[in-house]
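Here's the structure, in structure tokens; my notes come after.
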Amino acid sequence: MNVLVIGGGGREHALAWKLRQSPRVNQVFIAPGNAGTALEGRNVEIKVSELNQLLNFAQQESVDLTVVGPDDVLAAGIVDLFENAGLRIFGPCKEAARLESSKSFAKRFMIRHGIPTARFGEYESSRAAKDALHDFGFPLAVKADGLALGKGVVIAQDRREAEAAVDDMIERRRFGDAGRKIIIEEFLSGVECSVHALVNSRSYLVFPTAQDHKQLCDGNRGPNTGGMGTFSPSRQIDAGLLQEIRDKILDPFMQGIRQDNLLFRGLLFPGLMLTKDGPRVLEFNCRFGDPETQVLMPRLETDLLDLLEASITDQLDAISTEWDNRSAVCVVMASGGYPGDYETGKAIAGLENVSEMEDVKVFHAGTRRRGDQILTSGGRVLGITAVGNTLSVASKRAYEAVDQIEFDGRYFRRDIGSV
Ligand SMILES: Nc1ncnc2c1ncn2[C@@H]1O[C@H](COP(=O)(O)OP(=O)(O)O)[C@@H](O)[C@H]1O
Ligand SMILES: [Mg+2]
């Protein structure tokens, strides 16, 4: 069958790579893809925002299954569009995707269904928001309600910082309409982690754990990024905690989507804070994580197509999954300056040195081909992934590969998988 993957990052490269391994897949299309996905299938020059063109393409090329990577494409309603046209697509419908695309919608869902989360309020006027600050104490979290490329959350240490964040979002519309409404939350302290679960309307299937490194610098310091690396399994989540996450978060989530009649056949990836009073949900992501997918796919032994199909046909309870019990580490190589301004168009050297390395896979993110060269084209450029018997073996192997790859201004952390 023909499969279309929508998106152009490392996550989509990992999904396309895995789907290509399915004996039932003839052709993988990736829209728009990158220089790496072009090696797994055929890139299609359609932007992720051009939903009607994507639909036309899927119809013309007899695409049997479409897999959506990015959150904003789900929020724009691509699943409803494809399903109304009779096409099979993996992901939550637009209304269910609001669990990610509107933080107030998600918070109300959690409160309604008894899912533990931080106390919050929602505000559309900066006056009302500022008046409410003292109810939360400091620090507190100020969040744009809508999608803001992972930049819409400010942890304010005092009233001055909180008021500046409120004005930035509501008055100055720093995040456009995403900040028309904001939420304010009590601060939760603890360690962050996340889980991935494949969901259909009856049941869910939890993936092995993975943990990302959001901060730019070694030792988990510096500004937050889209993710500088990731490893699997996580050191934070043991069997007991996973059971608690099932009981307190995933089971009530399933009951909630049933009661609220939300059609959710896709990937649920909640961000959690492990507090001294137990896990609390920070947010619901409604798609695969990036870069978490880059360490999960190399460990997946079951055909990914079988899993995605079981989700959209509500047969997850009938499927068994096999995972490689080794560890995986993914080191992100980024453009110097990221997550701020950075240059692109730098030639990447050394990819051929690592293409034959055992247990190493390079997933491309911000890359494009020009003639014989592969050039950088984004902030996060490559995700160098390795598997090994232990996290430290996997990490050592990943860094051996990283050291072979050069581009002007390349930046990466040295401690992925070891802190
Ligand atoms: N209530 C909170 N208490 C403490 N830290 C928080 C809180 N909410 C968010 N954060 C921090 O802000 C980050 C981003 O928040 P999140 O809700 O995940 O938004 P997004 O991923 O959409 O930017 C979290 O990963 C966490 O580090
Ligand atoms: Mg988050």
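Can you name the helices (runs of 4 or more DSSP H) wholly within the range 102-177 that have at least 1 residues being within 16 Å of ligand 2 (Cβ to nearest atom)? Helices (runs of 4 or more DSSP H) meeting the threshold: 103-112. Within the range 270-286, the set of residues being touching a helix residue (DSSP H, G or I) at 6+ places or on another chain (Cβ under 9 Å) and either without any contact (Cβ under 8 Å) to a residue 60 or more places away in the chain or away from ligand 1 (no atom under 12 Å from the Cβ) (or both) comprises 278, 279. Would you check if residue 198 is closer than 30 Å to residue 239 by Cα, of a type in the set (A, V, I, L, M) and either within 24 Å of the chain's Cα centre (by Cα) or near ligand 1 (Cβ under 10 Å from one of its atoms) (or both)? It is true that residue 198 is closer than 30 Å to residue 239 by Cα, of a type in the set (A, V, I, L, M) and either within 24 Å of the chain's Cα centre (by Cα) or near ligand 1 (Cβ under 10 Å from one of its atoms) (or both).
Condition check for residue 91 on (1) outside the structural domain of residue 160 (by TED's automatic domain parsing); (2) within 16 Å of ligand 1 (Cβ to nearest atom): one failure, at (2). Residues in the range 42-76 that are under 23 Å from the mean Cα position of the chain (by Cα), of a type in the set (A, V, I, L, M, F, W, C) and in a strand (DSSP E or B): 65, 67, 68. I'd like to know if the range 222-233 contains one or more residues that are loosely packed, with under 15 Cβ neighbours inside 10 Å, within 12 Å of ligand 1 (Cβ to nearest atom) and not assigned by TED's automatic domain parsing to the domain that holds residue 259. The answer is yes; a qualifying residue exists. Does residue 133 satisfy being closer than 25 Å to residue 340 by Cβ, of a type in the set (A, V, I, L, M, F, W, C) and within 15 Å of ligand 1 (Cβ to nearest atom)? Taking the combined requirement at face value, the residue does not satisfy it.
What do you reckon, is residue 263 surrounded by 15 or more Cβ atoms within 10 Å (Cβ to Cβ) and in a strand (DSSP E or B)? So residue 263 does not fit the description; no. Does residue 314 satisfy the criteria of being within 16 Å of ligand 2 (Cβ to nearest atom) and part of a loop (DSSP other than H, G, I, E, B)? Taking the combined requirement at face value, the residue does not satisfy it.
The values are calculated or read from the model by the stated rules, or taken from the named source; none is laboratory data. Keep in mind the model is a prediction, meaning the values are calculated, not measured. Heads up, the Cβs are rebuilt from the backbone with ideal geometry, glycines too, and the neighbour counts pull from every protein chain shown.
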